[in-house]
Amino acid sequence: MGNITQSATKWWVLLLSGAAVGCSGTLALPGGAIDAGPDASCAAGDTKPCTCVSGAMGTLSCIPGTNQFATECQCAPPDMAIGPGVCGDGVCNLGFGEDCTMCPEDCGQCPKCPYAPSCTEAVGAPINPTPEANLNYPNGGPWAGDYGGDQQPMSCGPAKLRIGITKILANKNDGQSIYCIVQATDGVASGAAITNKTGGLNDGDSYSFDPSVGVFWGQKDLAVSKNNMTITYNCVQVNKDVWGAVLMAAGMAAGQAGQFGGAYGWAFGLGDVGLQAAGAALAATAGDDNLFNAQQVVDKNELLDMTNGKTWTITAGGGSCGGFIGIGTHACQYTLTVESWGCADGKPVPQ
């Protein structure tokens, strides 16, 4: 661990300000308590567990004569050696940034998140993803929660996800090729992808995209998110075939800010750069017909569940298909199949 971490700085500030190490070898850390308050009554000698800043478990003790639990978590001090922790020295130096994620040699393996695949195992696209009907657009329903509620479980770190479109179905089409431009952002990071062109699609025909082409979130690596995610879908019918110009426009807009991911995808560390790349791509579609536009917001509480291999559909359309000289025409319509998978670690430190 090359640098003293922010956690280490907090330990030294506490020591310099006079925080005392008691005879029991514990150090009081303000703000480390859990569920303590004025209505938490207790009797002399009572204790209950609490979470330390380091993520380790500490103890709350009943304050004599008050019948109230203390609001400071009694936590074991870290190794006070000067300098950064050394992974492999047999000491889990929490005060200097070592934990089960950064140094399992000293701190042991992280606890497994019981609601998601483990990130220490190989993570690939699921063979049989589970339909997640509430994510369908339109007509998705409310999410009830697949792990006992609608909140992020305390035992799990944030979701690490890969999301992409896997197939397009032409419900109504005139035999033209289709390509899609998809953009996602959670306000902190963003991603964008442009698919290859399909073959000509008539009514009822479908086309499956290669996973390296359709991924718009987590293209380079599984991507972490803790926020609501907005996904915007556009699919374009080829008329004058400006696909090459579309791809070039997106790449130029991405510039140096983008991390190249799949065949035609980018990942960005800024929440709005993916929007700029997708916007540039859409602006370059002049001559082709953008007949499909849809947007959905995925609740942050559902992201962890999506690591388990989920699939849903997005249906939209527009323009005019079929008929002859304006007779018997109908709106073009397409259905995208979207798929997610990923992992999550057991939470080694409070998030």
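Of everything in region 203-217 that's assigned to a strand (DSSP E or B) and surrounded by 16 or more Cβ atoms within 10 Å (Cβ to Cβ), which residue is modelled with the highest pLDDT? Talk me through it step by step, then tell me what you get.
Initial filter on region 203-217 (assigned to a strand (DSSP E or B)): 206-208, 215-217.
If we keep only those that are surrounded by 16 or more Cβ atoms within 10 Å (Cβ to Cβ) too, we end up with 207, 215-217.
Working: 207: 96, 215: 89, 216: 90, 217: 91.
The qualifying residue modelled with the highest pLDDT is 207.
Selection over region 165-197 of residues that are among the charged types (D, E, K, R), under 24 Å from residue 309 (Cα atoms) and touching an Asp or Glu at 6+ places or on another chain (Cβ under 8 Å) gives a count of 0. Residues of region 300-329 that are modelled with pLDDT under 90 and of a type in the set (A, V, I, L, M, F, W, C): 321, 324, 325, 327.
Candidates are the residues of region 174-196 that are in a loop (DSSP other than H, G, I, E, B) and touching a strand residue (DSSP E or B) at 6+ places or on another chain (Cβ under 6 Å); the one that is nearest to residue 238 (Cα to Cα) is 176.
The criterion of being in the same structural domain as residue 179 (by TED's automatic domain parsing) and at pLDDT 90 or above does not hold for residue 241. The number of residues in region 120-143 being closer than 30 Å to residue 295 by Cβ, modelled with pLDDT under 85 and not small (Gly, Ala, Ser) comes to 4.
Only one of the numbered conditions (1) modelled with pLDDT under 90; (2) buried (at least 21 other Cβ atoms within 10 Å of the Cβ) is not met by residue 187, and that is (2).
Find all pairs meeting these conditions: Cβ atoms under 7 angstrom apart; at least six residues apart or on different chains; first residue within region 167-184 and surrounded by fewer than 24 Cβ atoms within 10 Å (Cβ to Cβ); second residue of a type in the set (Lys, Arg). Partner pairs satisfying both residue conditions: 177/197.
The values are calculated or read from the model by the stated rules, or taken from the named source; none is laboratory data. Given the structure is predicted, the values throughout are model-derived calculations rather than measurements. With ideal geometry, Cβ positions are generated from the backbone for all residues, glycine too; neighbour counts draw on all protein chains shown.
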